[in-house]
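Report on the structure given below.
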Protein chains: 2
Amino acid sequence: MQPSSIVKTIDDIFHPSSIAVVGASQEESSFGHQYLQVLVESGYQGRLYPVNPREKEILGIRVYPSLNDIPGKVDYVICCINARLVLDLLAQCARKNVRAVHLFTGKLSETGDEKAYHLEEDIKKQARDLGINLIGPNCMGIYYPGERISFNHDLCMEPGSVGAIVQSGGLAGEIVRLSALRGVRFSKVVSYGNAADLSETDFLEYFLWDNATKIILMYLEGIKNGRRFFNVLRRVTQTKPVIVLKGGRSRAGIKSVASHTASIAGSINTWQVVLRQARAIQANSLNELIDLCVAFNYLPPITGKRVGVVGGGGGKSVLAGDEYEEAGLEVAPIPDEIMQLLEKKNPRVTRWLVNPVDVSILASLNIESAEILSLMARSHYYDLLSINSSEDSLFNKDEWINFLQSNMDEGIKIHREGLKPVIAVVGNPEIGISQLENYRWRALFRLREQLIREGIAVFSSSGQAAEAIRKLVDYYSYRESKGGL
Amino acid sequence: MQPSSIVKTIDDIFHPSSIAVVGASQEESSFGHQYLQVLVESGYQGRLYPVNPREKEILGIRVYPSLNDIPGKVDYVICCINARLVLDLLAQCARKNVRAVHLFTGKLSETGDEKAYHLEEDIKKQARDLGINLIGPNCMGIYYPGERISFNHDLCMEPGSVGAIVQSGGLAGEIVRLSALRGVRFSKVVSYGNAADLSETDFLEYFLWDNATKIILMYLEGIKNGRRFFNVLRRVTQTKPVIVLKGGRSRAGIKSVASHTASIAGSINTWQVVLRQARAIQANSLNELIDLCVAFNYLPPITGKRVGVVGGGGGKSVLAGDEYEEAGLEVAPIPDEIMQLLEKKNPRVTRWLVNPVDVSILASLNIESAEILSLMARSHYYDLLSINSSEDSLFNKDEWINFLQSNMDEGIKIHREGLKPVIAVVGNPEIGISQLENYRWRALFRLREQLIREGIAVFSSSGQAAEAIRKLVDYYSYRESKGGL
């Protein structure tokens, strides 16, 4: 099968040699100003043309009164002007041979106003007649670290392998920002709002063919063509995981998506069936979307469910066992062959030690957590290891920091040697500003960063880790059953 | 009904005029040393007697070779010596007229070793014969800010109204520490481990009569006497909320609780029925336990389910609507009377504005979020308001910080005036150590602390807030139906 023409169209959109920001302004609080500033800050290397008849220079860049006055070619227009001026801008775009326009401009069909609805219809029709592709209206457009194009301040500009298709502009930026903290880097992201022209399915098809994109995230409020969406989605999930968060699942949510992106939310039951049949991975919250993204970003295609858990005291181990098993994973008993080896050190082992491994029991038995972790890593009884930080201990500062770290170095070693997939659980307390100097929280922040730098998936609770991993295992088990791994 | 003698017994335990730490040591990594250090650090004002035949002085405090050598009265013994020495210590305690012993000492029945099991039985029998009450073995004992008694380093020493009964020692400290970050303060906490003598039910009965305790948290692995537990629990929940996290719900968890506190976990189905029938509030994870604690700590006895939600952009509002409604709350439509007032400002309001209130729409309509929040606070259509921080916006530093804060000041005002119960949702990104100076995260940490200082319940996601609030509403609705509010 060959990519359709839409793939080439979207690829061109992501590679503009020049961008015009129409409605750029000196007024710092205006979005036209913010867009220009973000492109300058992110280091976009193509030509940048602010357009505004009432300005001469913004951020040291020459401003053009109109598109027509720009001397060179314009590949991509970011439109920040009032909706009623858009039809005229499209006509100018046609004359300038602009093939792609991102309409940040909103106050269209999402307002529920009939005139605004018709204006959006007219914009859509005119763009089609003129052969112009639209992103939006009412959205943030594109983020592509490869070309240093961004849609929000201070986003990470290092490229990665996650592509995101996000109907909400605010969430698009938040997803990139929060995932970056977890070490996730993006190939390309699009926020596409009301989807008057280019839709979620067009971008999904694009990511199917985009070699840099290995994992796809979607935040969807509605879809334009259910049948095509299903067919493309089913096709994509055969080679790339697609993680979907659906907004508008409840009565209030359905009303909200209408006022947000003029979307028809549809019945959540239908959605769930469609997503399940197409083998998309469903997230139920923004936090879960990011946890799933972390799991798929770091972990290999695991198809077994047996987890070995090491770290934390007794209560924490009990709860980890519950949370892993309730999520559908198997906290597999420590096998006889490991027990026999440990028994030589201390005969009490067999009656006392269980998985999840409680580090207080290890201490009582004079066994290092690194030792049992190393044995588990070499055992075919486990498909995955979870190293949990031991925050819950009665030690003063220095001993506590050592204890916290106790099984982590061995986990990192196992990960580096590729003996077994490893994930980590490090708590994320809800601190206040006056707690920033506290050594405990700093130790957790340091540990998390260290693990992420090693390329380990870090979660803030066993429950969250367990849910994400089980969905990953389900997905890859399906792929394996189809011979597609 | 009068309190039973156990209440007086436990109250005496919490008010010792002197404490002996048996097994105190110069060796910093020993628990005997840690216990003594924690009592000194926390500022315990009674007499403190380290006991160890091989030491002269620890942390500047005179050490006694044995209990018998202590000149004064000893009210409470913290025992950190080896299990095989405990029977002899109990005999000494009897001679010294000590009425309460906390056995930090472990390696007893939880090890699964038959000899250790019998030793624990002997300890229990001997204590009973000698009229000595035991806490433990294998636990952290008591934390009581009122007497500046603590069981872990750096715990907050400000007293509050939450009592906690925690079978796990590690979790006991973590619960106090993590809850303190959320502004929760404790009346008294006990970690009671294997519960050879004093049990979860004894402490529950104590908290029923303890006037300082308004809310009770429990982390339970097993129970000693199911019938008595149920009867006491049912009685307590008629006047005080009891939030229960059960550890050992799964196959792995059940094995873990045996090795942790020698508890028989019991069937989780039976537990759920018992807890539901007794009207306890069930938590499914440590995070949920703390969220519930925050909800009950700050909120009045709300019995209505209609929430008004303000803050955050479109996608965030959609998801908040979904999460509140999926939890069983009602995101009630904005009533006509408010719509009519707002329509005078902008006729587009009625077709566009919904609850949850998207701040981007407000900005487009030139309506301040404070204005709509104030109207909602005065409307009888809402039982509760949720103010959500607006992290998801395209603004640079200064404007972003203002935007983040936009509806917060009004929320605080409404809370101060007592117009309506208010909760807040402020994100809790999983930051690494190199992100500590980042203005975004600092602004969130500052905002969280400000809200908590005002006495507002802060949650890190709408989903978590919604679950906690719905359980609170269910509990108080039950109390109201019984005429007990």
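The values are calculated or read from the model by the stated rules, or taken from the named source; none is laboratory data. Note that the structure is a prediction, hence the values are computed from the model and not measured. Using ideal geometry, Cβ is built from the backbone for each residue, glycine included, and neighbour counts are taken over all protein chains shown. What goes into the accessible areas is simple: the full protein's heavy atoms, side chains included, and nothing from ligands, DNA or RNA. Shrake-Rupley method; radii C 1.70, N 1.55, O 1.52, S 1.80 Å.
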Notebook entry, point to check: Given the residues A:Lys345, A:Lys316, A:Lys305, which is the only one that is on the phi < 0 side of the Ramachandran plot and without any contact (Cβ under 8 Å) to a residue 24 or more places away in the chain?
Noted result: A:Lys345
Margin query: Anything in region A:297-317 that is part of a helix (DSSP H, G or I) and charged (D, E, K, R)? List them, or say none.
Written below: A:Lys316
Next item on the list: Just name the residue that is least open to solvent (accessible area, probe 1.4 Å) out of those in region B:204-220 that are charged (D, E, K, R) and touching a strand residue (DSSP E or B) at 6+ places or on another chain (Cβ under 8 Å).
Entry: B:Asp210
Checklist line | Criterion: aromatic (Phe, Trp, Tyr), in the same structural domain as B:His33 (by TED's automatic domain parsing) and over 23 Å from B:Ser199 (Cβ atoms) - qualifying residue of B:Tyr76, B:Tyr64 | finding: B:Tyr64
Margin query: For region B:1-52, which positions are within 14 Å of chain A (Cβ to nearest Cβ) and among the aromatic types (Phe, Trp, Tyr)?
Written below: B:Phe31, B:Tyr35
Check: When you go through A:Arg446, A:Arg442 one by one, which is the residue that is over 25 Å from the mean Cα position of the chain (by Cα) and at pLDDT 95 or above?
Finding: A:Arg442
Checklist line | Odd one out for B:Gly183 among (1) within 9 Å of chain A (Cβ to nearest Cβ); (2) open to solvent by less than 10 Å² (accessible area, probe 1.4 Å) | finding: (2)
Next item on the list: For A:Ser285, state whether it is over 29 Å from A:His118 (Cβ atoms), within 14 Å of chain B (Cβ to nearest Cβ), open to solvent by 10 Å² or more (accessible area, probe 1.4 Å) and touching a Gly at 6+ places or on another chain (Cβ under 7 Å).
Entry: yes
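If I ask for residues that are more than 7 Å from chain A (Cβ to nearest Cβ), open to solvent by 20 Å² or more (accessible area, probe 1.4 Å) and free of Cβ contacts under 8 Å to residues at least 40 places away in the same chain, which ones from region B:426-447 would you list?
At the first step, the residues of region B:426-447 found to be more than 7 Å from chain A (Cβ to nearest Cβ) are B:426-427, B:437-441, B:443-444, B:447.
In the following step, the residues that additionally are open to solvent by 20 Å² or more (accessible area, probe 1.4 Å) were identified as B:437-439.
Listed by number, the residues that qualify are B:Glu437, B:Asn438.
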Note to self: Quick check on my filter: what residues within region B:24-38 are buried (at least 20 other Cβ atoms within 10 Å of the Cβ) and touching a Phe, Trp or Tyr at 6+ places or on another chain (Cβ under 9 Å)?
What the structure shows: B:Ala24, B:Ser25, B:Phe31, B:Gly32, B:Gln34, B:Tyr35, B:Val38
Item checked: Residue among A:Asp322, A:Asp392, A:Asp291 that alone is within 32 Å of the chain's Cα centre (by Cα), surrounded by 19 or more Cβ atoms within 10 Å (Cβ to Cβ), free of Cβ contacts under 8 Å to residues at least 12 places away in the same chain and within 26 Å of A:Gln464 (Cα to Cα) -> A:Asp322
Next item on the list: Just name the residue that is nearest to the other protein chains (Cβ to nearest Cβ) out of those in region B:103-129 that are in a helix (DSSP H, G or I), among the aliphatic types (A, V, I, L, M) and under 29 Å from B:Gly163 (Cα atoms).
Entry: B:Ile123
Next item on the list: Determine, yes or no, whether B:Leu245 is touching a residue at least 40 places away in the same chain (Cβ under 8 Å), at the interface with chain A (Cβ under 9 Å from one of its Cβ atoms) and open to solvent by less than 10 Å² (accessible area, probe 1.4 Å).
Entry: yes
Checklist line | Tally of residues being open to solvent by less than 20 Å² (accessible area, probe 1.4 Å) and over 21 Å from A:Gly427 (Cβ atoms) across region B:448-461 | finding: 2
Notebook entry, point to check: Out of all the residues in region B:67-84, which are closer than 25 Å to B:Tyr143 by Cα and free of Cβ contacts under 8 Å to residues at least 60 places away in the same chain?
Noted result: B:Leu67, B:Ile70, B:Gly72, B:Lys73, B:Val74, B:Val77, B:Cys79, B:Cys80, B:Ile81, B:Asn82, B:Ala83
Note to self: Are there strands (runs of 3 or more DSSP E) fully within region B:370-485 with at least 3 residues that are over 22 Å from B:Pro333 (Cα atoms)? List them.
What the structure shows: B:457-459
Next item on the list: Would you check if there is a residue in region B:253-273 being under 20 Å from B:Arg479 (Cα atoms), open to solvent by 40 Å² or more (accessible area, probe 1.4 Å), out of contact with any Leu (no Cβ under 7 Å at 6 or more places or on another chain) and not β-branched (Val, Ile, Thr)?
Entry: yes
Next item on the list: Among the residues of region B:394-425, count how many are closer than 26 Å to A:Tyr35 by Cα and either aliphatic (A, V, I, L, M) or within 14 Å of chain A (Cβ to nearest Cβ) (or both).
Entry: 13
Next item on the list: Name the single residue, out of those in region B:39-79 being assigned to a helix (DSSP H, G or I), open to solvent by 60 Å² or more (accessible area, probe 1.4 Å) and out of contact with any Lys or Arg (no Cβ under 7 Å at 6 or more places or on another chain), that is nearest to B:Val98 (Cα to Cα).
Entry: B:Asp69
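Among the residues of region B:149-162, write down those that are outside any strand (DSSP E or B) and either within 8 Å of chain A (Cβ to nearest Cβ) or surrounded by fewer than 24 Cβ atoms within 10 Å (Cβ to Cβ) (or both).
B:Phe151, B:Asn152, B:His153, B:Asp154, B:Leu155, B:Cys156, B:Met157, B:Glu158
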Notebook entry, point to check: Among A:Ala320, A:Ala332, which is outside any strand (DSSP E or B), over 20 Å from A:Val458 (Cα atoms) and within 9 Å of chain B (Cβ to nearest Cβ)?
Noted result: A:Ala332
